[in-house]
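Take a look at the structure below.
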Amino acid sequence: MTNPTGPGPLRLGIAGLGTVGTGVVKIIQRQAARLTARTGRDIVITAVGARSRDKDRGVRLGEYEWENDPVALATRDDVDVFVELVGGDTGPALEATRAALKAGKDVVTANKAMLAHHGQELAELAESKGSVLRFEAAVAGGIPVVKALTEGLAGNEMSRVMGVMNGTCNYILTRMESGGIGYNAVFAEAADLGYLEADPNLDVGGIDAGHKLALLAAIAFGTRVDFDNVTLEGIQRISIDDITQAADMGYRIKLLGVAQMTARGLEQRMTPCLVPTASPLGQLEGGTNMVVLEGDSVGQTVLRGAGAGMGPTASAVLSDVIDIARGTRLSTFGQPAHTLTVAKPANAPTPAPFYLRIRLQDKPGALAKIATVLGDAGISIDRMRQYDHKDSSAPVLIVTHKTTRDALDVALAGMAGTGVLVGDPVALRIEEV
Ligand SMILES: NC(=O)c1ccc[n+]([C@@H]2O[C@H](COP(=O)([O-])OP(=O)(O)OC[C@H]3O[C@@H](n4cnc5c(N)ncnc54)[C@H](OP(=O)(O)O)[C@@H]3O)[C@@H](O)[C@H]2O)c1
């Protein structure tokens, strides 16, 4: 029990009793004594809520007050911390979070979509009320990456933050490779396994991972969340040929998020990239997440773990709740919201080598024409491979030396005019990791 001379219990109101909410209730019930020992006070749930009261959620709920309306739950007098686990960038999650902060409550959320769109407003609101708004669970599930950036690495000037932050995409890409199965079949498999969001484009279109990247960039660079300037490209166009041929050249394809502060401004990309097979990112299998953080003093730090699921995500929610119970009151994005600067978006990505997969008509001089077009655009070839073929077109892979995306686009346009291409070329960035 709580020390009688210490603070009273910390009272939680939990809105949303789905995967994450149920997980949080379970940890609080199972670990009550440990949580009290670690924080010096009891952490108790006073009220919970979801859409349907009758659903069997596999957890004891009878001892808590019930509220259907998240706003009513968020503003109850017997709630100190509103735990928002409903989801969605607008609607009840946003309304209840605003109401809780206005009422001077602290808020813990796992909602990356809401923060990617309204993070600055909510952080300012929290600070104007002396409340805290925390979101460890919103980025990379159980991996404590928000804490790593706001606390462990706070003495560094960060230069780059990278990561594979959507387990579903990594599952699809690694399953295509291990099973030799095409994208559509693996997508259907992922849907059957319940791995996809209700709107699958949030996953495979890179939007969910883009939300997470925008939040990490804000903390890393002290800038306002700028999701609108994240370049997004999904994995829908990745073919089994790309995967096997990239592997042949020593690479694996990942939906990789990169946020980088450059002299040209803030670069934020969530796009399919090639990474060396031997690198930590290249070794990442299945639904696991990985975040790579680079700072001037610390160098490179790699965090790897479960990016989603009941236990890992609830574990991250609890870390924020525990901070509040201990009296640790950090700014949402690691520094006061009004001091976050508006980042100038970089107008072009940092130069990189590229992987090109093209199909050429099988006739003399075809390859020479492509090499000329690349040379004219100032792009030099690092490696090239031509594959056996039985039909009238030949698959060719080219790895370029470092070049700009603009030069590459000039070359791609030039290739289209040569008359020797069959179909559209595939061009993927090779990220140096
Ligand atoms: N699942 C993960 O692995 C994971 C990982 C990281 C972050 N997150 C984030 O965590 C949040 C919750 O995700 P989840 O997977 O737990 O979602 P979920 O399983 O769909 O649960 C959502 C919960 O919210 C309740 N709810 C929905 N609309 C409501 C409304 N209008 N009023 C009251 N309650 C409402 C639902 O009630 P009913 O149960 O009655 O329908 C349900 O209990 C989201 O922001 C998500 O992005 C999830």
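The values are calculated or read from the model by the stated rules, or taken from the named source; none is laboratory data. Computed from a predicted structure; not experimentally measured. Reconstructed Cβ throughout: ideal geometry from the backbone, glycine too, with neighbour counts over all protein chains shown.
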*Would you say residue 69 is surrounded by fewer than 18 Cβ atoms within 10 Å (Cβ to Cβ), within 10 Å of the ligand (Cβ to nearest atom) and more than 21 Å from residue 114 (Cβ to Cβ)?*
no
*Restricting to the range 100-117, what's the tally of residues that are in a helix (DSSP H, G or I) and within 13 Å of the ligand (Cβ to nearest atom)?*
6
*Give, as residue ranges, the helices (runs of 4 or more DSSP H) completely inside the range 1-84 that count at least 1 residues that are modelled with pLDDT of 95 or more and within 18 Å of residue 135 (Cα to Cα).*
19-30, 70-74
*Among residues of the range 32-57, those that are of a type outside the set (Asp, Glu), surrounded by fewer than 19 Cβ atoms within 10 Å (Cβ to Cβ) and within 12 Å of the ligand (Cβ to nearest atom), counted*: 5
*Has the range 285-295 got at least one residue that is over 23 Å from residue 133 (Cα atoms), away from the ligand (no atom under 16 Å from the Cβ), of a type outside the set (Lys, Arg) and not in a strand (DSSP E or B)?*
yes
*Filter pass, residue 63 being near the ligand (Cβ under 10 Å from one of its atoms) and acidic (Asp, Glu)*: no
*If we keep just the residues of the range 352-387 that are assigned to a loop (DSSP other than H, G, I, E, B) and modelled with pLDDT of 95 or more, which is nearest to residue 263 (Cα to Cα)?*
353
*asked:* Is it the case, given these coordinates, that residue 330 is surrounded by fewer than 20 Cβ atoms within 10 Å (Cβ to Cβ) and closer than 30 Å to residue 16 by Cα?
replied: yes
*Are there any pairs, at least 6 apart or on different chains, whose C-beta atoms fall under 9 Å, with the first in the range 52-69 and farther than 16 Å from residue 83 by Cα and the second among the basic types (Lys, Arg) and surrounded by 12 or more Cβ atoms within 10 Å (Cβ to Cβ), and if so, which?*
58/26; 59/26
*Are there any pairs, at least 6 apart or on different chains, whose C-beta atoms fall under 6 Å, with the first in the range 226-237 and closer than 13 Å to residue 273 by Cα and the second in a loop (DSSP other than H, G, I, E, B) and of a type outside the set (A, V, I, L, M), and if so, which?*
232/206; 234/205; 234/206
_I'm checking my understanding of the structure. Among residues of the range 389-433 that are part of a loop (DSSP other than H, G, I, E, B) and of a type in the set (D, E, K, R), which one is surrounded by the most Cβ atoms within 10 Å (Cβ to Cβ)?_
431
*Only one of 214, 198 is more than 27 Å from residue 335 (Cβ to Cβ) and either outside any loop (DSSP other than H, G, I, E, B) or out of contact with any helix residue (DSSP H, G or I) (no Cβ under 9 Å at 6 or more places or on another chain) (or both); which?*
198
